[in-house]
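Report on the following structure.
The values are calculated or read from the model by the stated rules, or taken from the named source; none is laboratory data. Model, not experiment: these values are computed from the prediction. Using ideal geometry, Cβ is built from the backbone for each residue, glycine included, and neighbour counts are taken over all protein chains shown. Please note that ligands, DNA and RNA were not included when accessible areas were found on the heavy atoms of the full protein model with its side chains. Shrake-Rupley method; radii C 1.70, N 1.55, O 1.52, S 1.80 Å.
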Amino acid sequence: MRSKLFLVLFFLAVNLTGCNTTKEGDTLTEKEQYAARVKTAFMKGWTAYKDYAWGMDAVNPISQKGHNWYSHTLLMTPVDAYSTMCLMNLDSAKVEAKDLIVNKLNFDVDMEVQQFEIAIRIVGGLISSYQLDGDKRFLDLAVDLADRLMPVFDTPTGIPYRLVNLKTGAIEGNVTNPCEVGSMLLEYGMLSKLTGNPIYYEKCKRGVVAMYNLRGKTGLVGGSINCDTGKWLDTHAHIRGGIDAYYEYLLKGYILFGDEDLKTMWETSLNGVETYLADTRNTGYWIGEADMNTGKRTATIFGALDCFWNGCLVLEGKTNEAEKLQASIFKMWTLEGIEPESIDYTTMKIISSYYMIRPEAIESTYYVWKATGDQKYYEMGKTMFDSIEKYCQVDNGYVQLRDVRTKEKWDTLESFFFAETMKYCYLFFAPDGTFSFDQYVLNTEAHPFKNTWDKGWTGRYKMNKPQQ
Ligand code: DMJ
């Protein structure tokens, strides 16, 4: 109830009293108004979580309940939300979330979890919270969780299993994909740096190098691999879900840790994507799908998840390509007024029509705007936030869409709404000095990680280096 009252007062202060004026009567600039609207949207989602799902993983605002991913809660929403609360300076929400996390988060539970998702959201969220807040209890929780995830790496090839029981350490799931093999390099590398224990990064990197060494002639990896034998079960190469953050982490890992092995692997991968997956059609510049061995095109699909690639292009300095891809991304976003999950880019027909309030298109727009300073990308950022506010808002929160054509609501809200989507929206309009790519690398869940050590660290891992 108190939280509802706070939300109403917050909204009134921001939007109604004095027609966008501050307490002192100064008129808010458009940028300040948008910043306030993004904060209001974030708080509306957070209030729904507090009212209906407190202590659980995620909220279902329309049915006014919550749910957990597994048999016990991992407090996914508060952990994912905390770094955004820090950037938005939402002090009372920070106190509520932190109190819940440090007092209630417990990993000593007999349940099997998906190592990759838990690493990017929970380990990543806790590391970032530690760096932004300074309270060591966040780091202690991250270490406890990571120690429980480590058994996945004990496989014949070093390529990790997908699932692990947090209490017993039993592992399962010997068929995996590149994303679940490599998209923890940042989290485990950070833990190795922050604790001085190299084991996290070493184990993770060993698996990444083992899989990289099995890449196809194109330099690219496929969609699924057996962890015990190293045999590819799906040779379709693409950058969408299942592979995406594997590439992202090679580049970001190099930026964060200065590990030259990651640079080598990233450059091979970038060359493969540009040679075999990039596809220029009369509808625009896209990244599609090809066989990892022959390079033959196998599909012309592009979707919401693929948009992460533009952040990599910008970090690599390939602004021209990023601008071309951004034009395509915006075309996809505006097909139905809000982004579908995927399209066939040769026909611009929708293949999957839902919208999970994913962040990647907004993330891409933010990177391209920061790289170019071109106002048109700022305008795209506004359009994207406007459409989320317009189509995903319900009376008591925000929800996903089952179909972007009908705008039918889907009564659930992923924790990345708080970690990523609202964070990228806010950064367009945030006061100067809120965030800088010079200071932080964003993990794939948009948690800011900071290098607090000297560059050039490569861990102790030296064996079985990537083959050139
Ligand atoms: C997030 O959990 C991460 O960004 C992940 O890398 C991909 N999918 C979601 C958001 O779409």
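Check Gly189, Gly230, Gly242, Gly207 and return the single one that is at positive phi and touching a helix residue (DSSP H, G or I) at 6+ places or on another chain (Cβ under 6 Å). Write out each step before concluding.
On the way: Gly189 fails: at positive phi; Gly230 fails: touching a helix residue (DSSP H, G or I) at 6+ places or on another chain (Cβ under 6 Å); Gly207 fails: at positive phi.
Only one candidate qualifies: Gly242.
Suppose we keep only residues that are in a loop (DSSP other than H, G, I, E, B) and buried (at least 21 other Cβ atoms within 10 Å of the Cβ) within the stretch 331-355. Which one would you say is nearest to the ligand (Cβ to nearest atom)?
First, pick out the residues of the stretch 331-355 that are in a loop (DSSP other than H, G, I, E, B): 335-341, 345-348, 353-354.
Remaining after also requiring buried (at least 21 other Cβ atoms within 10 Å of the Cβ): 338-340, 345.
Details: Ile338: 15, Glu339: 11, Pro340: 14, Tyr345: 19 Å.
My answer is Glu339.
Residue by residue through the stretch 296-330, note down the ones that are among the β-branched types (Val, Ile, Thr) and part of a helix (DSSP H, G or I).
Taking the stretch 296-330 first, the residues among the β-branched types (Val, Ile, Thr) are 298, 300-301, 314, 319, 329.
The answer is Val314, Thr319, Ile329.
Tally up the residues in the stretch 315-330 that are among the β-branched types (Val, Ile, Thr) and either under 13 Å from Glu274 (Cα atoms) or within 16 Å of the ligand (Cβ to nearest atom) (or both), please. Explain how you work it out, then say what you get.
In the first step, residues of the stretch 315-330 are kept if they are among the β-branched types (Val, Ile, Thr); the result is 319, 329.
Next cut, either under 13 Å from Glu274 (Cα atoms) or within 16 Å of the ligand (Cβ to nearest atom) (or both) only: 329.
Of the residues in that region, 1 qualify.
Taking the residues in the stretch 400-419 that are out of contact with any Ser or Thr (no Cβ under 8 Å at 6 or more places or on another chain) and acidic (Asp, Glu) as candidates, determine which candidate is farthest from His67 (Cα to Cα).
Glu408
Would you pick out the residues in the stretch 214-240 that are within 17 Å of Glu289 (Cα to Cα) and either at pLDDT below 95 or open to solvent by 30 Å² or more (accessible area, probe 1.4 Å) (or both)?
Listed by number, the residues that qualify are Arg215, Lys217, Trp232, Leu233, Asp234, Thr235, His236, Arg240.
Yes/no matrix, rows are residues, columns are (1) out of contact with any Pro (no Cβ under 7 Å at 6 or more places or on another chain); (2) more than 23 Å from Leu442 (Cα to Cα); (3) among the polar types (S, T, N, Q):
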site	(1), (2), (3)
Ser364	yes, no, yes
Gly397	no, yes, no
Asp403	yes, yes, no
Lys409	yes, yes, no
Ala419	yes, no, no
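Quick one: which residue in Tyr249, Tyr254 is open to solvent by 60 Å² or more (accessible area, probe 1.4 Å) and in a helix (DSSP H, G or I)?
Values: Tyr249 fails: open to solvent by 60 Å² or more (accessible area, probe 1.4 Å).
Testing whether each residue is open to solvent by 60 Å² or more (accessible area, probe 1.4 Å) and in a helix (DSSP H, G or I) leaves just Tyr254.
Collect the residues in the stretch 423-439 that are without any contact (Cβ under 8 Å) to a residue 60 or more places away in the chain and either within 16 Å of the ligand (Cβ to nearest atom) or among the acidic types (Asp, Glu) (or both), keeping them in residue-number order. Walk me through it before giving the result.
Going through the stretch 423-439, the residues without any contact (Cβ under 8 Å) to a residue 60 or more places away in the chain turn out to be 432-433, 436, 438-439.
Answer for the stretch 423-439, where residues must be without any contact (Cβ under 8 Å) to a residue 60 or more places away in the chain and either within 16 Å of the ligand (Cβ to nearest atom) or among the acidic types (Asp, Glu) (or both): Asp432, Asp438.
Taking the criterion of being of a type outside the set (Asp, Glu) and open to solvent by 50 Å² or more (accessible area, probe 1.4 Å), would at least one residue in the stretch 150-166 satisfy it? Steps first, please.
Of the stretch 150-166, the ones of a type outside the set (Asp, Glu) are 150-153, 155-166.
From what's left, open to solvent by 50 Å² or more (accessible area, probe 1.4 Å): 156, 162.
Yes, the stretch 150-166 has at least one match.
Please give the number of the condition Tyr82 fails out of (1) within 16 Å of the ligand (Cβ to nearest atom); (2) in contact with a strand residue (DSSP E or B) (Cβ under 9 Å, 6 or more places away or on another chain); (3) open to solvent by less than 40 Å² (accessible area, probe 1.4 Å).
(2)
State whether one or more residues within the stretch 154-170 are outside the structural domain of Glu445 (by TED's automatic domain parsing), over 25 Å from Tyr247 (Cα atoms) and in contact with a Phe, Trp or Tyr (Cβ under 7 Å, 6 or more places away or on another chain). Before you say what the answer is, go through the steps one by one.
If we filter the stretch 154-170 for residues that are outside the structural domain of Glu445 (by TED's automatic domain parsing), which is where we start, we get 154-170.
Of the ones still in play, those that are also over 25 Å from Tyr247 (Cα atoms) are 165-170.
Filter again for in contact with a Phe, Trp or Tyr (Cβ under 7 Å, 6 or more places away or on another chain), leaving 166.
Looking for residues that are outside the structural domain of Glu445 (by TED's automatic domain parsing), over 25 Å from Tyr247 (Cα atoms) and in contact with a Phe, Trp or Tyr (Cβ under 7 Å, 6 or more places away or on another chain), one finds at least one in the stretch 154-170, hence yes.
Every residue in the stretch 408-422 that is of a type outside the set (S, T, N, Q) and either within 15 Å of the ligand (Cβ to nearest atom) or crowded, with 16+ Cβ neighbours inside 10 Å (or both), please.
If we filter the stretch 408-422 for residues that are of a type outside the set (S, T, N, Q), which is where we start, we get 408-411, 413-414, 416-420, 422.
Within the stretch 408-422, Lys409, Trp410, Asp411, Leu413, Glu414, Phe416, Phe417, Phe418, Ala419, Glu420, Met422 meet the criteria.
Between a residue in the stretch 364-388 that is outside the structural domain of Phe437 (by TED's automatic domain parsing) and under 16 Å from Phe308 (Cα atoms) and any residue that is part of a helix (DSSP H, G or I) and of a type in the set (Asp, Glu), which pairs come within a Cβ distance under 8 Å, given they are 6 or more apart or on different chains?
none
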